[in-house]
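See structure below.
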Amino acid sequence: MTQADWIWKEPKEKLVDWLEQMWTVRWFDEKVDEFFAKGMIHGTTHLCVGQEASAVGVCAMLEGKDKITSTHRGHGHCIAKGADPDRMMAELFGRETGYCKGKGGSMHIADVEKGNLGANGIVGGGIPLAVGAALTSKMRQEGYITVCFFGDGAANEGSFHEAVNLAAIWDLPVIFVCENNQYGMSGPVKDMVKIENIADRASGYGIPGHVVDGNSLPEVMTVMKEAVEYTRNGHGPVLIEAKTYRWKGHSKSDAKKYRTREEEKEWKDKDPIRFFQDALIERGIITQEEAETVKKETKAQIERSVEFAEQSPEPSEDTLLEDVYA
Amino acid sequence: MQSSAVNSSNDKETARSITFAEAVREALSQEMREDQDVFILGEDIGVYGGAFGVTRGMIEEFGPERIRNTPISEAAITGAAIGSALTGMKPVVELQFSDFITIAMDQLANQAAKLRYMYGGKGNVPMVLRTPSGSGTGAAAQHSQSLEAWVAHIPGLKVVQPSTASDAKGLLKAAIADPNPVIFYEHKLLYKTEGHVPEEAYTIPLGQADIKREGTDVTIVATAVMVHKALEAAEKLAEEGINVEVIDPRTLVPLDEQTIVDSVKKTGKVIVVHEAVKRGGYGGEIASMIAESEAFDYLDAPVRRLGALPVPVPYNPTLEKATVPQVDDIMQAARDSVHRR
């Protein structure tokens, strides 16, 4: 028995849903990777393949009214918070049906209705925004909590320090989730941060900090569950550091000279999806066949998202100046 | 400024005179009484009353939840305001000195200004950032700048620069009601200036210039404290037979182009004056707008600009004064235009 074993007692449909979500994130980003390689999508993108468990595990512990702020590597957060992959893909294709009507692209997808206050192209830029959303919840007694996703790189931005301190002194309902994927663009976290764990910084702000295996869905969910309870009960913010790894490069043009193929293999052996799927099969919750079906169906779903995107119209030039001001 | 005993009994509203700082406070207080979603956050705005005393007494009325005293964290203050605005509140940030906008700039330029557009029209950022600007207090290079051109350059932000107490009150009410991020500049030298300010709540729409003095010979477009210098220059120039029209745009974004163009068509001569550094200043934008407009054909003299010299604001009072346009400079520019020198 470990602390995370409660998860296996959850209803089968929930467990399968989480597996589906992780596969959806995986296939979405694999497809985007393929399209960039073929030059079918322009601009740039940041893929979260290998980090699916932190996005899905964190959002699985939230309620519909709860909010998140996301990062430049945000497709997983988006899907886990309930976004429609069709409209996400359409956004990457720059189409009118996309979440941002084709004006935002990969780095700016927001799904306000689902509580996703948006990805952010500025490292650390979304952290104060999450604190503001939490402030609204507290002042209006709306009862929602806000999860602020950010990376190891953002932990060295001044906005992180300022915002976490502000949230701490005001006891705001916000959970800071640092997805430590080991690298900034190329800067290894071990060279850029002197301490062992970014979560250790929590004590500097007088809030609880937890380190978790970001590739283990059950572990992420267990830590999140506790943090959500703490924060929702008015005790203030929590800092969680999920240690994980991005399998792909930083963005589309990354030769990955700053790390070895051996290191990549080591992390790929800790594939969060396979880990969870195997556990479900071993425990007799799903069969090998059912697992295959989930894998296939989620892949087919992304193919349909691509079709939707490709068939969607380009935005009219008449919309260019719309929405600069409300 | 003291009104006589005779007229104090009638028309109390127009007779009442309060300072610019009091007018700002009155606008804030009225909005906060009216709308629970309006709140203020900033450094030392609690019992201290803010660096310039604008929020004095407000924490006593509204309490610490709505008069939120913050740590010295300009990025987090601004970002928290944006995040709260995005989720339904109407925050008013007090940024202690406008020079500190540099520390809040990512949040303003990359977040507040762009979120709505980037998100395809979902979400508004109905926030106001009030901030004291300008030189003349001996606060030297890091506490005396006029950086309004920086924010005016960014699509998505609105920029307001009131010059009188009554304008400050009406414009601030409009800024708070506006569904967009508004940067609201308060010139430090104006805080103690008095003016007639109606007690009841009223709004001055953003994007409506005000003709502060009507004239026929030359138009002076001036902002903030320069409005007063322009009016003083106009008084003196009248003695020389030069009849000056003074226009205060009041808001840089949106800019009331028509009022300026109409005035230039009437006078045929125009001087644009602001306290900000002339190079790259917003006066260049106004001058270009005039040159590109139908007023071009009416010009009898080149469009002239007055602004600060390209130098950090020095501490020594004589040097400080020499940095920014003075009444004599405005008078000379007007004479040059009228006499086409």
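Below, the figures for the structure above:
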item: Number of the exception - residue B:172 against (1) within 14 Å of chain A (Cβ to nearest Cβ); (2) assigned to a helix (DSSP H, G or I); result: (1)
item: Some residue of the stretch A:204-216 being modelled with pLDDT of 95 or more, within 14 Å of chain B (Cβ to nearest Cβ) and either within 18 Å of residue A:138 (Cβ to Cβ) or crowded, with 22+ Cβ neighbours inside 10 Å (or both); result: yes
item: Condition check for residue A:270: under 22 Å from the mean Cα position of the chain (by Cα) and surrounded by 11 or more Cβ atoms within 10 Å (Cβ to Cβ); result: yes
item: Enumeration of residues in the stretch A:92-110 that are outside any loop (DSSP other than H, G, I, E, B) and at the interface with chain B (Cβ under 8 Å from one of its Cβ atoms); result: A:108
item: Residue count for the stretch B:291-341, restricted to those that are out of contact with any helix residue (DSSP H, G or I) (no Cβ under 8 Å at 6 or more places or on another chain), of a type in the set (S, T, N, Q) and within 16 Å of residue B:272 (Cβ to Cβ); result: 2
item: Condition check for residue B:166: within 19 Å of residue B:225 (Cα to Cα) and in a loop (DSSP other than H, G, I, E, B); result: no
item: Lone qualifier among B:65, B:26 - being more than 11 Å from chain A (Cβ to nearest Cβ), charged (D, E, K, R) and over 30 Å from residue A:98 (Cβ atoms); result: B:26
item: Tally of residues being facing chain A (nearest Cβ under 10 Å) and in a loop (DSSP other than H, G, I, E, B) across the stretch B:92-142; result: 11
item: Residue count for the stretch A:111-128, restricted to those that are of a type outside the set (A, V, I, L, M, F, W, C), part of a helix (DSSP H, G or I) and closer than 15 Å to residue A:82 by Cβ; result: 2
item: Filter result for residue B:20 (within 14 Å of chain A (Cβ to nearest Cβ), in contact with a helix residue (DSSP H, G or I) (Cβ under 8 Å, 6 or more places away or on another chain), buried (at least 18 other Cβ atoms within 10 Å of the Cβ) and at negative phi); result: no
item: Residue count, the stretch A:148-196 (criterion: at the interface with chain B (Cβ under 9 Å from one of its Cβ atoms), of a type in the set (S, T, N, Q) and more than 26 Å from residue A:80 (Cβ to Cβ)); result: 1
item: Whichever residue in the stretch A:229-251 is over 15 Å from the mean Cα position of the chain (by Cα) and among the aliphatic types (A, V, I, L, M) and, among such residues, is nearest to residue A:65 (Cα to Cα); result: A:238
item: Test: residue in the stretch A:291-312 that is at pLDDT 95 or above and within 14 Å of chain B (Cβ to nearest Cβ); result: yes
item: Condition met for residue A:245 (under 16 Å from residue A:180 (Cβ atoms), among the aromatic types (Phe, Trp, Tyr) and in contact with a helix residue (DSSP H, G or I) (Cβ under 8 Å, 6 or more places away or on another chain)); result: yes
item: Selection status of residue A:78, at pLDDT 95 or above, facing chain B (nearest Cβ under 9 Å), buried (at least 22 other Cβ atoms within 10 Å of the Cβ) and under 21 Å from residue A:44 (Cα atoms); result: no
item: Hey, residue B:205 in a loop (DSSP other than H, G, I, E, B), over 17 Å from the mean Cα position of the chain (by Cα) and at pLDDT 95 or above or not; result: no
item: Residue in the stretch A:51-62 that is crowded, with 24+ Cβ neighbours inside 10 Å and within 13 Å of another protein chain (Cβ to nearest Cβ) present; result: no
item: Residue match in the stretch B:13-25 (condition: modelled with pLDDT under 95, over 20 Å from the mean Cα position of the chain (by Cα) and of a type in the set (Gly, Ala, Ser)); result: yes
item: All positions within the stretch B:215-267 that are among the basic types (Lys, Arg), surrounded by fewer than 24 Cβ atoms within 10 Å (Cβ to Cβ) and in contact (Cβ under 8 Å) with a residue 60 or more places away in the chain; result: B:236
item: Every residue from the stretch A:111-132 that is touching a helix residue (DSSP H, G or I) at 6+ places or on another chain (Cβ under 6 Å), more than 8 Å from chain B (Cβ to nearest Cβ) and more than 21 Å from residue A:236 (Cα to Cα); result: A:119, A:123
item: Residue list for the stretch B:23-80, restricted to those being of a type in the set (Phe, Trp, Tyr) and in a helix (DSSP H, G or I); result: B:62
item: Hey, residue A:256 under 28 Å from residue A:85 (Cβ atoms) and within 21 Å of the chain's Cα centre (by Cα) or not; result: no
item: Only listed residue being within 13 Å of another protein chain (Cβ to nearest Cβ) and buried (at least 21 other Cβ atoms within 10 Å of the Cβ), chosen from B:148, B:74; result: B:74
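The values are calculated or read from the model by the stated rules, or taken from the named source; none is laboratory data. Model, not experiment: these values are computed from the prediction. Every residue, glycine as well, gets a Cβ built from its backbone with ideal geometry; the counts of neighbours run over all protein chains shown.
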